[in-house]
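S.K.: Let me give you the structure first, and then I'll get to my questions.
Bear in mind these aren't lab numbers, they're just calculated from the coordinates by the rules spelled out. Computed from a prediction, not measured in an experiment: that's the story for all the values here. So basically every Cβ, Gly included, is an ideal-geometry build from the backbone, and we count neighbours across all protein chains shown.
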Amino acid sequence: MEKKYGELAIEQAELEPWENPTPSRDYMIEITFPEFSCLCPRSGYPDYATIRIRYIPDKYIVELRSLKLWLNKFRNRYISHEEATNQIYTALESLLRPRFLEVVGDFNPRGNVHTVIRVRSDGSYG
């Protein structure tokens, strides 16, 4: 069966940095991705989450379409909540080198368990 154009776009997706239009000022960018999905590495059941990204850019910002398509690459991967959230953080940190970065994976309850994974560049989790 031939793949649809959206499937190909997701399969080929790469994060794309753009130059920060205002690098002389600190400002916060907040991105919410409410339809994140991946597969449980143990059961194969789908897991759903809202991914929240907050960052203070330095030289670069992330192009939003590339981020959307790249995040959709997780939907057929067997990966834990913790690893998915950490991989998103690592990819954005490596690409952007922001002044501050936080990635939160707020996973929907499954089996009566609600999980929130938070990774921050400043180490404050209070």
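S.K.: Once the Cβ-Cβ distance between Arg118 and Arg65 is put in as r, and R0 is 22 Å, what FRET efficiency do you end up with, to the nearest 0.05?
M.R.: Rounded to the nearest 0.05, the efficiency is 0.30.
S.K.: Starting from the Cα of Lys73, draw a straight line to each of the lysines and keep only those under 23 Å, dropping any in the same chain fewer than 8 residues away.
M.R.: In chain and number order, the partners are Lys3, Lys4.
S.K.: Per 0.36 nm of contour for each residue apart, how much would the distance between Thr90 and Gln12 grow if the chain were fully extended, relative to their Cα-Cα spacing?
M.R.: On the way: separation 78, 0.36 × 78 = 28.08 nm, distance 1.92 nm.
Value of the extension gain: 26.2 nm.
S.K.: Antiparallel as a % of all DSSP beta bridges within segment 38-126, to the nearest 5?
M.R.: Working: 17 of 18 bridges.
Of all bridge pairs located within segment 38-126, approximately 95 percent are antiparallel.
S.K.: Taking neighbour Cβ counts within 10 Å as the exposure measure, how do Asp26, Asp106, Asp58, Asp47 sort from fewest upward?
M.R.: Result, fewest neighbours first: Asp26, Asp58, Asp106, Asp47.
S.K.: Still on this structure, I have one more. Using the Karplus equation 6.51 cos²θ - 1.76 cosθ + 1.60 (θ = phi - 60°), what ³J(HN,Hα) coupling, rounded to whole Hz, does each residue of segment 55-69 give in order, writing x for Gly and Pro?
M.R.: Once rounded to whole Hz, the list reads 7, 9, x, 10, 7, 10, 10, 8, 6, 5, 5, 5, 5, 4, 5.
S.K.: Given that just one value was derived from the coordinates, which of (1) 47, 43, 19; (2) 67, 38, 16; (3) 71, 33, 32 is Cα extents along the principal axes in Å?
M.R.: Correct label is (1).
S.K.: Which of the listed residues, Tyr48, Trp18, Val119, is farthest toward the dipole's positive end in the chain, when Lys, Arg count +1 and Asp, Glu count -1 at the beta-carbon?
M.R.: Highest projection toward the positive end goes to Tyr48.
S.K.: What distance in nm separates the simple spin-label points at Tyr27 and Tyr48, each placed 7 Å from Cα in the Cβ direction?
M.R.: 3.4
S.K.: What angle do you read, to the nearest 10 degrees and between 0 and 90, between the alpha-carbon axis of helix 81-96 and the longest principal axis of the chain?
M.R.: Tilt relative to the chain: about 30 degrees.
S.K.: If you don't mind, there's one more thing I want to ask. Measure off 7 Å from each Cα along the Cα-to-Cβ vector at Met1 and Phe100, then give the distance between these two points in nanometres to one decimal.
M.R.: 4.6
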